[in-house]
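A.B. asks: Let me begin by handing over the structure; questions about it come next.
Rule-based calculations on the coordinates, nothing more; no lab input. Computed from a prediction, not measured in an experiment: that's the story for all the values here. Because the Cβ atoms are built from the backbone with ideal geometry, glycine has one as well, and the counts that use them run over all protein chains shown.
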Amino acid sequence: MSSLYVALDFPEVNLALALAAQLDPQSCGLKVGKELFTRGGPALVRAWVDQGFDVFLDLKFHDIPHTVAQACRAACDLGVRVVNVHASGGRAMLDAARHAVPQSPGAPSLIAVTVLTSMNQADLAEVGITRPLAEQVQLLAGLAHDSGLDGVVCSAFEARAMRALFNQPNSVIITPGIRPVGAALDDQSRVMTPFDAMAAGATALVVGRPITLAAQPAAVVRAILASLL
Ligand code: C5P
């Protein structure tokens, strides 16, 4: 699987297509989130899969178990490389997702979101969670692990602890909030360099604007990959 996923956070499908056309499927994968998927639909994802890109379908499914299982099956049919669900959907939902995504070569990795990094302790309290945030992350990651999920998407600052839990050769720890040395932070506050994130236990990185806003996106991809060696 790719060690670098480019977050295609574009408001228009054509902009995403133009950026992906500059990238090499041998060098990086593509992360498709809710905005782009809602605009571009499955055909867009299928086209990139057909071009050879690893696609991380970042739709963070969270619903009743049957619905999530069926959504996961649809993701498998699209041929994506990674699909994710909210661990807070609970054990039955996670088990149903695991059941829907085969653990066989060619099937996507199934990973969990724990606590969204946009949420702080006060936000958790407002939805009735008074446990310390870090403990809530551990609890949800443990639930995902118990259900046999392959890993998590998390902050690079959580990667070490997550890697201790998901410690199999095929475990997947994907970290956004990555900035190459000297890159603009944009709206990210706690960032790590690509090298440090991988050293902390990430198995793949998500990088958006440092690549998508660059004059030469493919050159930035090459520089990031070179910095990992
Ligand atoms: O442009 P940038 O590199 O900041 O993009 C990061 C991508 O990772 C975005 O798609 C963002 O939504 C996603 N993400 C994140 N932090 C998280 C989870 C996802 O930045 N904790």
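A.B. asks: I need the peptides 212-219, 158-165, 64-71 ranked by packing, meaning the mean over residues of other C-beta atoms within 10 angstrom, with the highest value on top.
C.D. replies: 158-165, 64-71, 212-219
A.B. asks: If you place +1 on the Cβ of every Lys and Arg, -1 on the Cβ of every Asp and Glu, and leave all else neutral, what size is the dipole of the chain about its Cα centre, to the nearest 20 Debye?
C.D. replies: Magnitude of the dipole: close to 240 debye.
A.B. asks: Can you tell me which of 126-133, 36-43, 139-146 comes out highest on packing, and rank the rest after it, using the mean Cβ neighbours within 10 Å?
C.D. replies: Descending mean neighbour count gives 139-146, 36-43, 126-133.
A.B. asks: Would you mind classifying the stretch 1-112 by shape? Square roots of the alpha carbon gyration tensor eigenvalues, ordered a ≥ b ≥ c; an a/c under 1.5 is rounded, otherwise it is prolate if a/b is larger than b/c and oblate if not.
C.D. replies: prolate
A.B. asks: Now for a separate question. Search the structure for amide H atoms under 5 Å from the amide H of A7, placed 1.01 Å from N in the peptide plane, and list their residues when 5 or more places away or on another chain.
C.D. replies: Counting only residues 5 or more places away or on other chains, the set is K31, V207, G208.
A.B. asks: Can you check what the net charge comes to around D9, using other residues whose Cβ is under 13 Å from the Cβ of D9 (Lys, Arg +1; Asp, Glu -1)?
C.D. replies: Cβ neighbours under 13 Å give a net charge of -1.
A.B. asks: Follow-up question, since we're still on this one. Taking the highest mean first, how do the peptides 22-31, 48-57 order by number of other beta carbon atoms within 10 angstrom per residue?
C.D. replies: 48-57, 22-31
A.B. asks: Cα gyration tensor of the stretch 4-227, axes a ≥ b ≥ c as square roots of the eigenvalues: rounded (a/c below 1.5), prolate (a/b > b/c) or oblate?
C.D. replies: Verdict is oblate for the stretch 4-227.
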